[in-house]
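A.B. asks: Pasting a structure below so you can have a look.
What follows is calculated from the coordinates using simple rules that are stated; it is not laboratory data. This one's a predicted model, so the numbers in the text were calculated from it and none came from an experiment. Ideal geometry is used to build each Cβ from the backbone, glycine not excepted, and the neighbour counts take in all protein chains shown.
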Number of protein chains: 2
Amino acid sequence: MNEKSLIERIRRAAGTRSQRAGRGIGNDCAVLSLPRGHEALITTDFSLEDIHFRREWHPPDSVGHRCLARGLSDIAAMGGIPRAAFLSLALPADLPQSWVDKFIAGLLKLAAQFSIPLAGGDTAQSPSGILADIVVLGSVPTGQAILRSGAQPGDFLYVTGTLGSAVAALNQLRAGKKLRPRSHPKHFYPEPRVAVGQFLRERKLAPAMIDISDGLSTDLGHICEESGTGAVVYAAALPAAAAGKDGLTLALHGGDEYELLFSARPECRIPKQIAGVPVTRIGEILSGKQMTLANADGQMQPLKPAGWEHFG
Amino acid sequence: MNEKSLIERIRRAAGTRSQRAGRGIGNDCAVLSLPRGHEALITTDFSLEDIHFRREWHPPDSVGHRCLARGLSDIAAMGGIPRAAFLSLALPADLPQSWVDKFIAGLLKLAAQFSIPLAGGDTAQSPSGILADIVVLGSVPTGQAILRSGAQPGDFLYVTGTLGSAVAALNQLRAGKKLRPRSHPKHFYPEPRVAVGQFLRERKLAPAMIDISDGLSTDLGHICEESGTGAVVYAAALPAAAAGKDGLTLALHGGDEYELLFSARPECRIPKQIAGVPVTRIGEILSGKQMTLANADGQMQPLKPAGWEHFG
């Protein structure tokens, strides 16, 4: 597929949504207004074949969904409102057109769910494999973006949803098992927690937040590093998707989750469910620099960042 | 080089500039304020090894420079003010660290020239070759972005700088010739015409503009298509970098130029030089849909878009 026909296909598929973006695909830049009093949030995320997905494992609409979900989840983690997406897409010359159409359809379906246009991007021929880079522009009232650096000793730690099933599905794929994508939505069609992030930001409930894209242990490490704190995680409290020691390991270190991890002052009441998503208290921010895992029997052990690495 | 050390190196190299971006690298998103009354401009551009550059042809600082120049030139073409850059960078595991350092240095040197921070991005291991995607965020007073669609029959057509030497250098590289990069700055270190674009926008001189990244014939075609017009180009007026028929062909169809092509109402006085860059009147916007080349002897021939294709 040559670049011109690719741009045309994306334009057609994006259709009226691109019109709404004002002057999107078709000029050197997209032009977008942000609400008065808002700051811009920008995030970029690669989705590279054989690094972030595999063609034999992931159907094209899942690749498109996951590609955009990565960016939306970053916006969610700041408490932001997604405004527009931009896609840089490089394709091998021999890629079937139907693959591209389904990829774009998966991406646009998720975009429609969050009412954002695909407002621009770039296309190129790929020297090898499918290469996508998604940019999501969001906005947030000035000064209200939730950073990683706002946690304080004494804050409670919360996580949305359940942990571990995304990487469990990945491990099954790695072991050569065929999976029905619709039966493993946490891996194939993850839902970015945009509404949860906005709820927490609007009510000023979360002084620090991150999405669990690299695994709880690694991403909690980021909050601790940026906030200059330590933390304790209660093993028994973790909303692990599977039971037992394996379930705990996957919940602690499995990435690719798109759940949110946030801190809240101990006096703040955090709902058990936000926007239909369960929220679980899993630990506490401590002074010092250490991360600790408290087991059910009261034993404490050091918690080391050991999150998900790309499956290159 | 693993991802963590890459992020660290970029952070260190970007240094205080990233600080200025507020909360850039180190959170899920970068947070950036735009001036009140401004709209956002966003552009994304791939720089892929063996598609947009070759390691044996382009020194790493030139690859970094060209990578960012692509995005800055898109901002220039809308009359915008660049605000921040974001880099998604995937590298092969065996790439020497010195290559990356020089690439980043080349990119940051150009960023410093335009006073913009490298405010975020993504890193990954590449399955094959060096893969970069640059995002540039700019801004423009609301409603004042210069689009491709504003040309009217009777407008004069202007171009900045000279045309053809970038692709001439590329052709020499293709022919196996070794070039000294500093002796061919139009190819290795192109200067995005940001100041020219801003000058034209501030004075409302250019109703339509584009950068010549795909070649004059192709990019003029974009203006004509978006404006619903035709155009005539005077061959003798073209600021071709080389003489003769070859020089004319390169000026008409050679891309990778980063010069600006714009229209202006016939009653507007356009300076012969803007921000130190020569500006040349090369033709006129016509009604109808045809593009025509008028030769020095008065002969007219159809002008077909035949711009530069990626050298994949």
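A.B. asks: Measuring label to label, 7 Å along Cα→Cβ, what does B:Thr142 give against each other copy in nm, shortest first?
C.D. replies: Result, one decimal in nm: 1.4.
A.B. asks: Any idea what the A:Leu179 label distances to the other copies are, label 7 Å down the Cα→Cβ vector, nm, shortest first?
C.D. replies: Copy-to-copy label distances for A:Leu179: 4.8 nm.
A.B. asks: Next up: Note down the relative contact order for the range A:75-202 as a percent, whole number, built from C-alpha pairs under 8 angstrom at least six residues apart. Don't skip to the end; give the middle numbers.
C.D. replies: Values: 146 pairs, mean separation 51.4, N = 128.
Once divided by the residue count of the range A:75-202, the mean separation gives 40 percent.
A.B. asks: Return the percentage of antiparallel bridges among DSSP beta bridges fully within the protein assembly as shown, rounded to the nearest 5 %.
C.D. replies: 75
A.B. asks: Dipole of the range B:3-141 (Lys/Arg Cβ +1, Asp/Glu Cβ -1, origin at the Cα centre): which of B:Gly64, B:Gly138, B:Gln113 lies farthest to the positive side?
C.D. replies: Working it through, the farthest residue towards the positive pole turns out to be B:Gln113.
A.B. asks: Under the definition of Cα pairs under 8 Å and six or more residues apart, what whole-number percent is the relative contact order of chain B?
C.D. replies: 22
A.B. asks: Same structure, new question: Helix hunt in chain B: which complete DSSP H runs extend at least 15 Å axially by C-alpha with mean Kyte-Doolittle at least -1.0? Intermediate values should be presented prior to the final figure.
C.D. replies: Numbers: long enough: B:3-20 (23 Å, -1.29); B:60-77 (26 Å, 0.06); B:97-113 (24 Å, 0.46); B:216-227 (16 Å, -0.15).
Both cut-offs are met by B:60-77, B:97-113, B:216-227.
A.B. asks: Within the range A:163-178, which residues have the backbone N less than 17 Å from the label spot 7 Å out from A:Arg54 along Cα→beta-carbon, could you tell me?
C.D. replies: Inside the label zone: A:166-178.
A.B. asks: Below 8 Å between Cα atoms, with a sequence gap of 6+, how large is the relative contact order for the range B:3-141 in percent?
C.D. replies: RCO, the range B:3-141: 40 percent.
A.B. asks: Starting from a label point 7 Å past Cα on the Cβ side, list the distances from B:Asp94 to the same position in the other copies, nm, shortest first.
C.D. replies: 2.3
A.B. asks: Taking the mean number of other Cβ atoms within 10 Å as a proxy for protection, how do you rank A:240-246, A:70-76, B:215-221 from highest to lowest? Display every interim value, and only then the final one.
C.D. replies: Values: A:240-246: 13.7, A:70-76: 29.6, B:215-221: 24.7.
Ranked from most to least packed, the peptides come out as A:70-76, B:215-221, A:240-246.
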